[in-house]
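One structure below.
The values are calculated or read from the model by the stated rules, or taken from the named source; none is laboratory data. What you see is a predicted model, and the numbers here were worked out from it, not measured in a lab. With ideal geometry, Cβ positions are generated from the backbone for all residues, glycine too; neighbour counts draw on all protein chains shown. The accessibility values were calculated without ligands, DNA or RNA, using every heavy atom of the protein model including side chains. Shrake-Rupley method; radii C 1.70, N 1.55, O 1.52, S 1.80 Å.
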Amino acid sequence: MKPVTVEIKIDPDRINTPQAIRKAALSKAGMQDNPNLYTRVTRRSIDARSRRPQFVLQVVIAPQEFAETEGPFFRPAPLKGRRVAIIGAGPAGYVAALTLLEHGIQPIVLERGKDVNARRKDLKPLFTTGAVNPHSNYCFGEGGAGTYSDGKLYTRATKRGDVGRILDLLIEHGASPDIRIDAHPHLGSNMLPRIVRRIREAIEGAGGEIHFDTHVTDLVLKDGQVRGAVLADGATVDADAVILATGHSARDVFHMLHTRGIAIEAKPFALGVRIEHPQELIDGIFYHQSPRHTNLPAASYRITQQVQERGVFSFCMCPGGFVVPASTAPGELVLNGMSLAARNAPFANAGLVVEIRLEDIGGADNPLSALEFQASVERAMFAAGDGTSQKAPAQMVGDFIKGRVSSALPKSSYIPGIYSAPLHELLPEGVARRLRASLPLFGKKYKGYDSGEAKVLAVESRTSSPVRIPRDKETLEHPSAKRLFPCGEGAGYAGGIISAAMDGERVASAVAAIIG
């Protein structure tokens, strides 16, 4: 017989009982149980539309000989003498390195931050004194911004590459096999460091090099081609090509390219707040039960609404998580969210952001206009505080809607602390106006979302890169700087861990096609 796929629904009570799942799948397929049949769950999601949420499973039924064999999925080839500099050790940079090694090309990864373990030590001052290490923080360092931001692995960019291969690579390096079947997989900020470290060991074991605390300040240009990188100490790294995978917060790199006359473009992005609720409230809204069933994960959501000709939407939702300081330079305040693998903290938080179009901030003539707007809001949020710490201005949702300062604020997951402030005045006018108009609409659709238990903190501004670095559609090279390959989220071609990793694979394959 050929493999058969069926879809079944399972109550939370039975989701951890494999025999119940097998029985339901065989019944749906009209088959009798047979020891020669192999069953495997290939997709798992939750249908929470009814009063009692259920798991929705896709199950493959096939003869035992169809049982899948595992890996290896990373297969390095002997090195052939070519070398490529990769600027950035995030998901785009690391998957690009793995892919180059499969083509027999040596990657030289240059990362301004520290390795994933040492990087953790630089996060503590953000919480205690407000000191920001501009090279080692929540955005910079091994693993990139996603390492300490929940590790969400969901992407809608499925046409850009092989999502399954990226998931298999992560599993091969220590991720849970569950990420292969969950509709919205995640790893958790406590699990990612181990996975990232194993990927580094695989790259080095196959002949690649990884250099931390290595800040690239310029590019080596020869006859219109980029042939290496210049470091902060004046040293150069020669290479046959350069992959630029710096992430969305490397503003100095954008400025360097602009100064060098290497074309960049302003890009629309989104900006707003972090909205925080008790997780029990979110469970009640989206699962219709609180407390939720013990076998259900913390409820999450994705919401969107058109308000006054702009999109208002949730971003980077972190169930059972924490709001964290993601500033990358002194004198700015940036917020993000994270969750541990268990997602069992008492609060849920999400970015609630407004679409920023280029005409909203002066047009596209200045390629740095969106970046400068983004930075100006972050500086204004820091200036509104005590001038030293990373304490965040906050407001109860009801007060934010009505335009009044909150007289008191409840406990928050944000460890540096929050203080009452008029966010309706501090945020850019168009952003504040649309957020205030959107919240009652969300509250009407999701009863309780705009309740008295919800608060907003500012500012959520690093939703995506405010700059796009152009590249040829076929070769993926920069159109005027040959052998420079813009890559990943910072270049404007990805929006998360998986899409960045897929772009890293795609770009590395393009590099291999050109340099052999």
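Would you confirm, using the coordinates I've provided, whether VAL237 is among the β-branched types (Val, Ile, Thr) and surrounded by 22 or more Cβ atoms within 10 Å (Cβ to Cβ)?
no
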| query | Looking only at the stretch 36-87, which residues are closer than 30 Å to ILE203 by Cβ and small (Gly, Ala, Ser)? | reply | GLY71, ALA77, GLY81, ALA85
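Residues are listed down the side, and each one gets a yes or a no for (1) without any contact (Cβ under 8 Å) to a residue 40 or more places away in the chain; (2) more than 27 Å from THR475 (Cα to Cα); (3) surrounded by fewer than 16 Cβ atoms within 10 Å (Cβ to Cβ); (4) under 19 Å from the mean Cα position of the chain (by Cα):
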site	(1), (2), (3), (4)
GLY146	no, yes, no, yes
GLY161	no, no, no, yes
PRO193	no, yes, no, yes
ALA206	no, no, no, no
GLY224	no, no, yes, no
ALA232	yes, yes, yes, no
THR246	no, no, no, yes
MET256	yes, no, no, no
THR259	yes, no, yes, no
| request: Answer yes or no as to whether ASP252 is surrounded by 21 or more Cβ atoms within 10 Å (Cβ to Cβ) and free of Cβ contacts under 8 Å to residues at least 40 places away in the same chain. | output: no
| said: So if I check each of SER480, SER465, SER451, which one is among the polar types (S, T, N, Q) and surrounded by 24 or more Cβ atoms within 10 Å (Cβ to Cβ)? | reply: SER465
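Restricting attention to the stretch 43-76, and to residues there that are polar (S, T, N, Q) and exposed (fewer than 14 other Cβ atoms within 10 Å of the Cβ), which single residue is farthest from GLY208 (Cα to Cα)? Write out each step before concluding.
Here is the first cut: in the stretch 43-76, the residues polar (S, T, N, Q) are 45, 50, 54, 58, 64, 69.
If we keep only those that are exposed (fewer than 14 other Cβ atoms within 10 Å of the Cβ) as well, we get 50, 64, 69.
On the way: SER50: 52, GLN64: 39, THR69: 28 Å.
That would be SER50.
Restricting the stretch 100-144 to residues that are assigned to a loop (DSSP other than H, G, I, E, B) and basic (Lys, Arg), which is least open to solvent (accessible area, probe 1.4 Å)?
The qualifying residue least open to solvent (accessible area, probe 1.4 Å) is ARG112.
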| In the stretch 199-298, which strands (runs of 3 or more DSSP E) lie fully inside it and hold 2 or more residues that are aliphatic (A, V, I, L, M) and closer than 30 Å to PRO53 by Cβ? | 269-278
| request: Within the stretch 286-316, track down each residue that is in contact with a Phe, Trp or Tyr (Cβ under 6 Å, 6 or more places away or on another chain), under 19 Å from LEU153 (Cα atoms) and open to solvent by 10 Å² or more (accessible area, probe 1.4 Å). | output: TYR301
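Inside the stretch 325-343, can you point out the residues that are over 10 Å from ASP150 (Cβ atoms) and either modelled with pLDDT of 95 or more or in contact with an Asp or Glu (Cβ under 9 Å, 6 or more places away or on another chain) (or both)? Show your work before the answer.
At the first step, the residues of the stretch 325-343 found to be over 10 Å from ASP150 (Cβ atoms) are 325-335, 342.
Within the stretch 325-343, PRO325, ALA326, SER327, THR328, ALA329, PRO330, GLY331, GLU332, LEU333, VAL334, LEU335 meet the criteria.
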